[in-house]
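Working notes for the structure below.
The values are calculated or read from the model by the stated rules, or taken from the named source; none is laboratory data. From a predicted model like this one, the values you see are computed outputs, not experimental measurements. Quick reminder, even Gly has a Cβ in these numbers, built from the backbone with ideal geometry, and neighbours come from all protein chains shown. SASA here: full protein model, heavy atoms, side chains in, ligands and nucleic acids out. Shrake-Rupley method; radii C 1.70, N 1.55, O 1.52, S 1.80 Å.
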Amino acid sequence: MNLILLGPPGAGKGTQAKILIKKYGIPQISTGDILRAAVKEKTPMGVKAKTYMDSGALVPDDVVVGIVAERLAKQDCAKGYILDGFPRTVAQADALTAMLRNNGTGIDHVVAITVDNEELLKRITGRRTCKGCGAGYHLLYDPPNQAGVCNECAGELYQRDDDREDTMRRRLEVYEEQTSPLIAYYAERKLLRTIDGMGDIEVIQQKLIGIIESPLG
């Protein structure tokens, strides 16, 4: 089962991916993680990527796709994988389609998790992290026992810069700009399914599993 998860920051992709990893025994492939790993391992594409990263330039699509190809060739992807954060553009989607076709495979499902922007802002801007042990909290959904203090180590809680409202609004704008064309791209290929990401994690999980285990029609 080869799956692409689409959704804005805070939509719950990571939470749902963890459930799918456990249920189906397939890895989650995050482009940020594999890019860093490829650079650290000095793979051929990792070496290329490092030259761009060291100069402060964006890593080109062909290098990103090459790094994804290196990762998908590993044994743990033999039964399938979950792509999270890739593709980000139609050019990357085209390259992924061509690469998988050359390998005699393809994407089975593209699932977009949708959540209202105001709900996303509540989810993200309410997050707090412990400076000491890294434990995570949420002011609304999982608050610490004492305001601003970690339950585990009594460390100071802080808000990450990318969780601030102005930063988050810009992240959502960028996501919308990048993802709208991808939604159309996969809808045209009859691969796209959409689920509502509001509500209980378990309910969303059942919707997602229902989509994965039902044939595309």
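Using only Cα atoms, find the angle between the long axis of helix 61-72 and the longest principal axis of the chain, and express it within 0 to 90 degrees, rounded to the nearest 10. The answer is roughly 90 degrees. When both region 30-57 and region 1-22 are represented by their alpha-carbon centers, they are found 23 Å apart. What the Cα convex hull of region 106-217 gives, in volume per residue, is 138 Å³. Helix 201-212 and the long axis of the chain differ in direction by around 0°, with both axes built from C-alpha atoms.
For the pairs Lys23/Lys207; Lys22/Lys79; Lys40/Lys74; Lys74/Lys207; Lys18/Lys122; Lys48/Lys79, note any where the Cα-Cα span goes beyond 19 Å.
Working: Lys23/Lys207 14 Å; Lys22/Lys79 13 Å; Lys40/Lys74 16 Å; Lys74/Lys207 29 Å; Lys18/Lys122 22 Å; Lys48/Lys79 29 Å.
From Lys23/Lys207; Lys22/Lys79; Lys40/Lys74; Lys74/Lys207; Lys18/Lys122; Lys48/Lys79, over 19 Å: Lys74/Lys207; Lys18/Lys122; Lys48/Lys79.
Dipole orientation for region 105-184: of the candidates Gly155, Gly136, Val110, Gly155 has the Cα lying most toward the positive pole (charges on Cβ; Lys, Arg +1; Asp, Glu -1). Placing +1 on the Cβ of every Lys and Arg and -1 on the Cβ of every Asp and Glu, with nothing else charged, gives region 20-61 a dipole about its Cα centre of roughly 200 debye. Solvent-accessible area of the chain (1.4 angstrom probe, protein heavy atoms only): carbon and sulfur portion equals 52 percent. About the centre of its Cα atoms, the chain shows a dipole size close to 600 debye [charges on the beta carbon of Lys, Arg (+1) and Asp, Glu (-1) only; nearest 20 debye].
Relative to the longest principal axis of the Cα atoms of the chain, the long axis of helix 44-54 lies at roughly 50 degrees. Take every pair of alpha-carbon atoms less than 8 Å apart whose residues are at least six positions apart; their mean separation over the length of region 125-177 yields a relative contact order of 35 percent.
Calculated on the Cα set of the chain, radius of gyration then Dmax: 18.5, 56 Å. Note that region 1-100 carries a Kirkwood radius of 14.1 Å, evaluated over its alpha carbons pair by pair. Rounded to the nearest 20, the Cβ-based charge dipole of region 1-112 about its Cα centre (Lys and Arg +1, Asp and Glu -1) stands at 360 debye. Centroid-to-centroid, using Cα positions, region 164-202 and region 61-92 are 19 Å apart. Calculated accessible area for the chain comes out at 55 Å² per residue, all protein chains present (probe 1.4 Å; ligands, DNA, RNA ignored). Using bins of 10 Å that start at zero, the share of Cα-Cα pairs per bin across region 106-166 amounts to 22, 40, 22, 13, 4, in whole %.
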